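Okay, so here's the structure we're looking at.
Only the coordinates and a few stated rules stand behind these numbers; no lab work does. Remember, predicted model here, so these are calculated numbers, not experimental data. Glycine gets a Cβ as well: all are built from the backbone with ideal geometry, and neighbour counts include every protein chain shown.
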Amino acid sequence: MTPTDVPNEVIERVQKLRDLINDYRYHYHVLDESIMSEAAADSLKHELSQLEEKYPSLITPDSPTQRVAGRALDKFQKVAHAERMISLADVFSEDEMRDWLDRIAKLGAVNPELFVDIKMDGLACALIYEEGLLKQAITRGDGRVGEDVTMNVRTIENVPLSIAQEGHVEVRGEIVIFKKDFENLNAKQRAAGKPEFANPRNLAAGSIRQLDPKVAASRPLKFMAYDMVSPDLDTNSHAYEKMKELGFRISGQQKIYHDLRGAMQFIYELNKIRQNLPFNTDGAVIKVNDRKVYRALGIVGKTPRAAVAFKYPAEEATTIIRDIVISIGRTGAATPVAVFDPVQVAGTTVRHASLHNADEIARLDVRIGDTVVIYKAGDIIPQVNRVLIELRPEESKPYNYEEALHEQYPELEFERSAGEVVYRVKGSNADEMLKRSIEYYASKSALNIEGLGEKNVEALVDAGLVGSIADLYLLTSGQIQELDRFAEISAHKLVDNIQASKTPPLARFITAIGIRHIGSQTAIDLAAHFKSFDALRDAAEAELLELPGIGKIVAESILAFFSDEDNLKMLDDLSTLGVTPIYEDTSGGRLSGLSFVVTGTLDSMGRDAAAEKIRALGGEFHSSVVKSTKYLVAGHNTGKSKLDKAAKYGTEVINEQRFLGLLGEK
């Protein structure tokens, strides 16, 4: 391949990436300045290497990429900790560190010696030895009571089964999976055609909580010690020396400082090198080294006064904004959402992030096509940190928020009240929107929950018994009986009907949650393609657009729905309450590959019932005749327009008796 074979936009993108990476490198390595986070720079380098791998002719010598077990258990036993496994309070800045030292100084710990170590990201566990032999391994649990996971922990190769120490010994640490081992494990998963694991921390925790020790034994788990509770030693640094002497692996990053300045300098240095450490980390632990002083300072709630965890800034990555969609929440508020190429941030794959409101878009000057830095606020919520203007396409245009509202919601009017930053649907009422969404959720074309008609829904919402769709599954017959519209029998029946809807067909559930532009047939098509609700929820725009009948408007609507925080909370609540959509494969049904339209009135069933029977047997039901329509079912008072279209497209017109025969009901 020669450069002439490469699209111009790729050549331009590669050159801009090189220029920005080289600029970053000059500031970082020559001027000792940082124009972006190391994580963001790494993300740009990764994109450049992928482009060069795809187009080898673009590689040049000066490119930045060219630089040189036992039996299974029935359950885990609960075990009380002899001494609480505490959590540490988080601090995020040097000022907060100084405030912490001021607080403990007032309690008598003036200018204490500080013990600093890296904070490892794993599953906290206590190992208990009696007379030199491993007796028990207990998870943190709630700090007071954990679970006995001894059989699983014994499979971890670097956990000593015996130590040269008599009496009672308790060592605490983190069970982790090293990054390299995690990557190798996922490579094997891919090679076997199995799904990849999300991140090392979750995999380590999940492995230890498997009832079969063989699972833990098959995983590359390691125990990294960070504290010796017993025997009681004089300093934390002495405890580390003792653990190392007894054969426990420690981080190797621990140091002692006599002032805040030295400790902070080391903490910042750890932040720079943490990407190169074998394990994942999100901060550093700082303790008063003298254990007598440490104990004297005591505990507040679940946290000791004598230690804190310094948390590093959230991990960052770069990606390209492909679209900005606007979601309408339960209150009628319009929230813009950035949709971008999937990117790994803090161990998870993210595809979209809230842009909050029109003012935030203007402040960031974010545009479709921009390369942006994504981070996770609190390591949970994806956010757009800033735009890399240097990589902006020349043809980009500022995002016109009001124009986008009109394009995406042409049937709605929006208003922005004085002093507010949020646009809302004009005349919207949160309770009315909730009532309509519950009615639709329970309607015949959705989950068909008998007893949740308009009047009953109004009564439940007005009484404050239901504040979201998920609240339906928390209703009790006693609560419902208090309402004027219900007696004991009808209240019990309604609760039973609601509970019976917990395992709905996937297509009906997709219909029920009320994604704009998604009718019954589109929901069926989505269910048939994705086969699980989680897969649909995680779908990228490009994948949606590949499906027949899914255009940009529908794809944007789906993305907007799954980007809205209210919707995500509702879905998570439904899942927690046991609502689990089930995919039913009807592709092999007797009507598979056939499409129907029903016109007029049928004697044996209504149109909705006919549609349900057709779809249950693998057929497609449509409201109008098109070229692909196989049968037009003609009942009484048949419409002439549908008959004319049937004649035009060669669609076969059949009567009700023939239709029943195709259904297998005659």
21 Å Cα-Cα reach of Lys569 towards lysines, excluding residues that sit fewer than 8 places from it in its own chain = Lys376, Lys435, Lys502
Read-out log10 I(q)/I(0) by the Debye sum over Cα atoms at q = 0.08 Å⁻¹, candidates [x] -0.62; [y] -0.85; [z] -0.68; calculated match is [y]
Inter-label distance for Ser604 and His636, nm, one decimal - labels placed 7 Å from Cα along Cα-to-Cβ | 1.7
Hey, got the dipole for the chain? About the Cα centre, +1 on K and R Cβ, -1 on D and E Cβ, debye to the nearest 20?
-> 1620
On full extension of the chain, what length is gained from Ala164 through Ala535, given 0.36 nm per residue of separation minus the C-alpha to C-alpha distance?
-> 128.4 nm
Hey, rough spin-label estimate for Ala430 and Thr349, points 7 angstrom out along Cα→Cβ, what's it come to in nanometres?
-> 3.5
Charge sum, other residues only, whose C-beta stays under 11 Å from Ser396's C-beta, Lys/Arg counted +1 and Asp/Glu -1 | -1
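Summing -39500 (n - 2.57) over the DSSP H runs of n ≥ 4 in the chain and dividing by its residue number, what mean residue ellipticity at 222 nm do you reach, to the nearest 500 deg cm²/dmol?
-10500 deg cm²/dmol
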Eligible lysines near Lys75 by straight Cα distance, threshold 17 Å, same-chain separation 8 or greater = Lys214
Violating pairs (Cα-Cα greater than 27 angstrom) within the set Lys135/Lys255; Lys180/Lys244; Lys311/Lys397 | Lys135/Lys255; Lys311/Lys397
Return Ser354, Ser87, Ser628, Ser207 ranked ascending by Cβ neighbour count within 10 Å, so the fewest neighbours appear first.
-> Ser628, Ser87, Ser354, Ser207
Mind giving me the FRET efficiency for Lys397 and Gln15? R0 is 30 Å, r the Cβ-Cβ distance, nearest 0.05 is fine.
-> 0.85
Point-to-point label distance, Asp42-Lys552, nm (Cα→Cβ direction, 7 Å offset) = 3.6
With a Förster distance of 25 angstrom and the Cβ-Cβ distance between Asp585 and Ser623, calculated FRET efficiency to the nearest 0.05 equals 0.55
Among Lys613, Lys194, Lys119, what is the fewest-to-most ranking by other Cβ atoms within 10 Å?
-> Lys194, Lys613, Lys119
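With an 8 Å Cα cut-off and a minimum separation of 6 or more residues, compute the relative contact order for the range 139-246 in percent.
Computed value for the range 139-246: 38 percent relative contact order.
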